[in-house]
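Engineer: My questions will all concern the structure given below.
The values are calculated or read from the model by the stated rules, or taken from the named source; none is laboratory data. Since the structure is predicted, the reported quantities are computational estimates derived from the model, not experimental observations. With ideal geometry, Cβ positions are generated from the backbone for all residues, glycine too; neighbour counts draw on all protein chains shown. Accessible surface areas use protein heavy atoms only, side chains included; no ligands, DNA or RNA. Shrake-Rupley method; radii C 1.70, N 1.55, O 1.52, S 1.80 Å.
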Amino acid sequence: MARAPPEPHLFVVFGATGDLMQRKLLPSLFAVETALSKGGPPFRLLGCARQPLTEREFRSLCLKSLRGAKAGPLEELRRWVDRTVAYASLGDSGPDAYAALRGRIEEVERGAHLPGNRVFYLALPSEVVGSTVEQLGAAGLHRSPGWSRLVVEKPFGRDYRSAVSLNRLIHRYFHEKEVYRIDHYLGKETVQNLLVFRFANMLFESVWNRDRIDHVEITVAEDLGVEHRAGYYDHVGALRDMVQSHLLQLLTLTAMEVPASLDPDQVRNEKVKVLRTLEPIRPSDVVLGQYTAGRDGTGKVPGYRQEPGVARRSKTETFVAMALQLHSWRWHGIPFYLRTGKRLPSKVTEIVVRFREPPVWFFPERGSREIHANRLTITLQPNEGFMLSIELKRPGQEIELVSQRLHFQYAEAFGPLADSYQTLLLDVMEGDQTLFVRADEVEEAWRVLGPVLESGRSPLPYAAGSWGPPAARALVEDGGHHWTTD
Ligand code: BG6
C-alpha cells in the first residue's frame, strides 16, 4: 500500500555538530528528501548545538559530512544544503537561548512557508536529554501551531529508575503519541521482516514453539573495538549500549505472539508481554567480558583498557552472554541465548533457531545426533537473508545423510537495502510509531536487566579476536548446547 508523503515540517536536530548527526542522520535525511522531492521539499532542517557557528560554517560542515558519506553528486548536495539547512547556536543552553531558538524556529518556518509542524530530534548523550526536554517545555516549544514529535536516542536512561523518571518528565510536555524512542535496529529491513517471516508463513509459525524448537541464539558480534567512542562507551558498557535495546528487541520480535493487527500499539503490546514473561535473571545466567590485547584480520590490536580515553582500571564490560527463559505457554523451558561483544572475530548479527531432534532415529549417525537437527539462521547483517539446514540422503547405494542449506539473500533478490535511519526518519515524518519503543517497553527492558546492572560484577578477560571469555561457551554447554558461530 502506498503511504501518504509526510506533511511539510521543520526538522530540528539537537546535537547537530555531533557524530550521529554528521555521520548518520544527515546522509539519511538527504536520501529521504531525494526520495520525496518529486513534489517539492517537504521539510527544512534546523541544526542546533552549543558551538557559536555561523549558518555558513554549519552548512560547510554538513556538506563536508555528506561528501564524506558519498551521499550524492557534489552539486546536488550543495544545492540541498543551501536550500534546506539552517543553524541555531544554543550557547550556554540557558532559558534565553531557548527563547531565541523559538524565534529562530518561527523565522525559518515563515521563510519557508511551513505550517508549524515540528520534529525535535535529540541526538544527544542520555545525561542531557532530560534537561533539554525541560528547556523545550519551559520555552513552550512542545506546543507548536501544527503537530510536534520528539525523537530520543538510545540508551534511554541508565536503569529502570532513570528511565521511569525520564518518561515522566517527557510526558509532562509530550503525549506518548508524540514520542519516538529510536533503536536503529528496528529500522533494519531484516528486523522488520521478522514479523512478515513469522506471521505470513504458516510453515514457520506452526512450529514456532517449545514442542518443535530446542533453543534460540541471538548474536550481535562486532569485530571493531571501542574506536573513538570511549568517552561515551566507558560509562555505558555492552549491557546498556547493546543488550538493553538491540538484543532485547530482537528477542521480543522472535518470541512475541501474533498481534491483533499491524496497528503500532497492537504490535508493541505483544512485545511488552514478552519482556514481562522473562524469568528473573540469576547471576549464573550471565557472563560479562572485557577484551584484552589480541589480533584481528589486520594484525595486533590493543586491549580495551589501552584504548584512548578508557580508564586504565575500567571495569566496563565489552561482552555479554546470557541465557534467558520465558515463563509462557509457548516458550516454557526453551533457552534463549543472547550474546554481543566488541572485538569478536567478525561482524555478524544473526538469530539461530535450532529445532528439536526427531524423537526416534533409525538413520546412520554422523557424530552427535545434534548435527542432524534443523537450523534456521536469520542473518540480519552482513549478507542479509536466511538459511535453513535440512537433512538429505546422499545419492548412492548406502543410506548416508548429508546436511544441505536452503539459502535466501536479500541482495541477490532485491539489490542493496536502505539504511535503517532512512526508514526510521521517514516513519517519524509520517507519524508511524510501529518501529519505535514505547514508554512501558523501555521501562520493562531496564527492569529485566536490573539484577545484572546492580550486581557490580567485574568482567572476565577475553583476547581480542576471540568469541569472548571461555565461560560464555560453558554457559550454553551447561544446557547441552553450543554456539552455532564459534
Ligand atoms: C549502536 C551502538 O547502537 O549500535 C554501537 O551504540 C554499535 O556501539 C552499533 O557499534 C552497532 O550497530 P550496527 O547497525 O552496526 O550493528
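Engineer: May I ask you to work out the translational diffusion coefficient for the chain at 37 °C, viscosity 0.692 mPa s, via Stokes-Einstein with Rh from the Kirkwood sum over Cα pairs, reported in whole µm²/s?
Structural biologist: For the chosen part, D equals 135 µm²/s.
Engineer: Roughly what would the spin-label model give for Ala474 and Thr54, points 7 Å off Cα along C-beta, in nm?
Structural biologist: A separation of 6.4 nm, rounded to one decimal place.
Engineer: Give the ranking of His171, His481, His215, His407 by solvent-accessible surface, highest area first, calculated with a 1.4 Å probe.
Structural biologist: On the way: His171 80, His481 25, His215 0, His407 125 Å².
Listed by decreasing accessible area, they come as His407, His171, His481, His215.
Engineer: Here is a further query. Can you tell me, using C-alpha contacts under 8 Å and at least 6 residues apart, the relative contact order of the chain as a whole percent?
Structural biologist: Result for the chain is 18 percent.
Engineer: Please identify the trypsin sites (Lys or Arg not before Pro) of the range 126-160 that satisfy two criteria: DSSP loop assignment and at most 15 other Cβ atoms within 10 Å. Which are they? Mind showing how you got there, number by number?
Structural biologist: Values: sites: Arg143, Arg149, Arg158; in loops: Arg143, Arg158.
Those satisfying the criteria are Arg143.
Engineer: Report, as a whole number in µm² per second, the diffusion coefficient that Stokes-Einstein gives for the range 65-117 at 20 °C and 1.002 mPa s using the Kirkwood radius over alpha carbon pairs.
Structural biologist: The estimated diffusion coefficient comes to 163 µm²/s.
Engineer: Within the range 334-486, what whole-number % of the accessible surface is contributed by carbon and sulfur, with the 1.4 Å probe and all protein chains included in the calculation? Please list the in-between numbers first.
Structural biologist: Working: 3850 of 7120 Å².
Of all accessible area on the range 334-486, carbon and sulfur atoms account for 54 percent.
Engineer: Please determine, in degrees from 0 to 90 and to the nearest 10, the orientation of helix 95-111 with respect to the longest principal axis defined by the Cα atoms of the chain, where the helix direction is its Cα long axis.
Structural biologist: Result, in degrees: 80.
Engineer: Still on this structure, please answer the following. Hey, can you find the accessible area per residue of the range 93-169 for me, probe 1.4 Å, expressed in square angstrom?
Structural biologist: Numbers: 3290 Å² over 77 residues.
Solvent-accessible surface per residue comes out at 43 Å².
Engineer: Could you list the trypsin sites (Lys or Arg not before Pro) in the range 302-362 that lie in coil according to DSSP, counting only those with at most 13 other Cβ atoms within 10 Å of their Cβ?
Structural biologist: Qualifying residues, ordered by number: Arg312, Arg313, Lys347.
Engineer: Note the angle between two axes, namely the Cα long axis of helix 439-454 and the longest principal axis of the Cα atoms of the chain, as a number of degrees from 0 to 90, rounded to the nearest 10.
Structural biologist: 60
Engineer: Convert each backbone phi in the range 343-348 into a coupling constant with the Karplus relation 6.51 cos²θ - 1.76 cosθ + 1.60 (shift: θ = phi - 60°), then list the ³J(HN,Hα) values in order as whole Hz, x for Gly and Pro.
Structural biologist: With coefficients 6.51, -1.76 and 1.60, one gets 6, 8, x, 8, 8, 8 Hz.
Engineer: To continue, here is another question. Calculated from DSSP H runs of 4 or more alone, at -39500 (n - 2.57) each and per residue, what is the 222 nm mean residue ellipticity of the chain, nearest 500?
Structural biologist: -9500 deg cm²/dmol, from helical runs alone.
Engineer: Among the aspartates and glutamates, select those whose C-alpha is under 16 Å from the C-alpha of Lys315, and discard any that sit fewer than 8 residues away in the same chain.
Structural biologist: In chain and number order, the partners are Asp234, Asp241, Glu307, Glu454.
Engineer: Okay, moving on. How much of the accessible area of the range 50-139, probe 1.4 Å, is carbon plus sulfur, in whole percent?
Structural biologist: 51
Engineer: Relative contact order for the range 149-214: what percent, with Cα pairs under 8 Å and sequence separation of 6 or more? Kindly include the intermediate steps, with their values, before the conclusion.
Structural biologist: Details: 34 pairs, mean separation 21.5, N = 66.
Reported relative contact order: 33 percent.
Engineer: Of the DSSP beta bridges with both residues in the chain, give the percent that are antiparallel, rounding to the nearest 5.
Structural biologist: Bridges in the chain that DSSP calls antiparallel: roughly 55 percent.
Engineer: Which values, in whole Å and largest first, are the semi-axes of the equivalent ellipsoid of the range 352-486 obtained as the square root of 5 times each eigenvalue of the Cα gyration tensor? Walk me through the numbers before you get to the answer.
Structural biologist: Numbers: eigenvalues 263, 141, 46 Å².
Sorted largest first and rounded, they come to 36, 27, 15 Å.
Engineer: Nearest 10 degrees, 0 to 90: what angle lies between the long axis of helix 74-84 and the longest principal axis of the chain (Cα atoms)?
Structural biologist: For 74-84 against the chain, the angle is about 60 degrees.
Engineer: Starting from the 7 Å offset along Cα-to-Cβ, what nm value, one decimal, do you get for the label separation of Ala311 and Asn383?
Structural biologist: 4.1
Engineer: Based on C-alpha coordinates, I'd like the Rg and Dmax of the range 239-397, in Å.
Structural biologist: 19.8, 65
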